[in-house]
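Reviewing the structure listed below.
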There are 2 protein chains.
Amino acid sequence: MDFQKSGGLLPAIIQDELTGDVLMLGFMNAESLALTQQTGEVVFFSRSRNKLWKKGESSGHVLRVREMRVDCDADTLLVRVEAVGPGACHEGYRSCFFRKVEPDGSAPVIAERTFAPEKVYGSEKTR
Amino acid sequence: MDFQKSGGLLPAIIQDELTGDVLMLGFMNAESLALTQQTGEVVFFSRSRNKLWKKGESSGHVLRVREMRVDCDADTLLVRVEAVGPGACHEGYRSCFFRKVEPDGSAPVIAERTFAPEKVYGSEKTR
């Protein structure tokens, strides 16, 4: 893997294995990649909090790894997962890509909420 | 869009609209995003060559935008495309994610080649 292009971090695309939907994109450093492989559940490196981030650590909405792929340049990961729970997005949607970009620059919501984030996350800001 | 988290670049996930397959990941700066929206075909910003990169400029394997989505944090794009030609990957595959990462660290090829890259790209290194 080439961790250097993005300063030690690889983009990791998370795809629902069953539906093919792209759920989110996170970043992994070498340690989070190793933990993901060891535990079978996705661990990112949070750029905003500058630390390891086990997806689902507060919500329980973990991402179970079904298959991992690497691209031609060995600098991007595609992680095909079983997404546990009603949604991967901390805003209450199945996928983080719940807004469409229109030609006029607007970005309307095109998905239905699948859970109430305030009930899942409470006042916490972790995801 | 939040272009600041990755130094002016947003990761852009390219997904085949028909099959749901993730084809590749590139980066866009504000100019390449504007060109993508204006032309309806994907233009990246190449980090290695440090310049705009119209996907398919030498191969003809352009990516026609069918829908663009943005994630909850407005720092990642999902571009659903019609992929023109036999493959998006410069190594001769439909998708750049043609290798699987195994627990032992190996990464065997799991897809069939769909074209001969030396015939499409010649000696050029552009894609």
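Which residue pairs have Cβ atoms under 8 Å apart, sit 6 or more places apart or on different chains, and have a first residue in the range B:50-65 that is at positive phi and a second that is assigned to a strand (DSSP E or B) and open to solvent by less than 60 Å² (accessible area, probe 1.4 Å)?
Matching pairs, first to second residue: B:G56/B:E41; B:G56/B:L63.
Looking only at the range A:55-74, which residues are surrounded by fewer than 20 Cβ atoms within 10 Å (Cβ to Cβ) and either among the basic types (K, R) or more than 13 Å from the chain's Cα centre (by Cα) (or both)?
A:S58, A:G60, A:R64, A:R66, A:E67, A:C72, A:D73, A:A74 - these are the residues of the range A:55-74 that are surrounded by fewer than 20 Cβ atoms within 10 Å (Cβ to Cβ) and either among the basic types (K, R) or more than 13 Å from the chain's Cα centre (by Cα) (or both).
When the residues of the range B:24-54 are filtered to those that are within 14 Å of chain A (Cβ to nearest Cβ) and assigned to a loop (DSSP other than H, G, I, E, B), which remaining residue is least open to solvent (accessible area, probe 1.4 Å)?
B:V42
Does A:S58 satisfy being modelled with pLDDT under 95, outside any strand (DSSP E or B), in contact with a Phe, Trp or Tyr (Cβ under 9 Å, 6 or more places away or on another chain) and not aromatic (F, W, Y)?
yes
Determine, yes or no, whether B:C89 is within 13 Å of another protein chain (Cβ to nearest Cβ), without any contact (Cβ under 8 Å) to a residue 12 or more places away in the chain, open to solvent by less than 40 Å² (accessible area, probe 1.4 Å) and assigned to a loop (DSSP other than H, G, I, E, B).
It is false that B:C89 is within 13 Å of another protein chain (Cβ to nearest Cβ), without any contact (Cβ under 8 Å) to a residue 12 or more places away in the chain, open to solvent by less than 40 Å² (accessible area, probe 1.4 Å) and assigned to a loop (DSSP other than H, G, I, E, B).
Across the range B:109-127, which residue is farthest from B:V62 (Cα to Cα) among those that are open to solvent by 50 Å² or more (accessible area, probe 1.4 Å), at pLDDT 95 or above and more than 10 Å from every other protein chain (Cβ to nearest Cβ)?
B:V109
So, of the residues in the range A:92-104 that are more than 9 Å from chain B (Cβ to nearest Cβ) and surrounded by fewer than 21 Cβ atoms within 10 Å (Cβ to Cβ), which turns out to be farthest from B:D73 (Cα to Cα)?
By that ranking, first place goes to A:D104.
The values are calculated or read from the model by the stated rules, or taken from the named source; none is laboratory data. Source: prediction; values computed, not measured. So basically every Cβ, Gly included, is an ideal-geometry build from the backbone, and we count neighbours across all protein chains shown. Please note that ligands, DNA and RNA were not included when accessible areas were found on the heavy atoms of the full protein model with its side chains. Shrake-Rupley method; radii C 1.70, N 1.55, O 1.52, S 1.80 Å.
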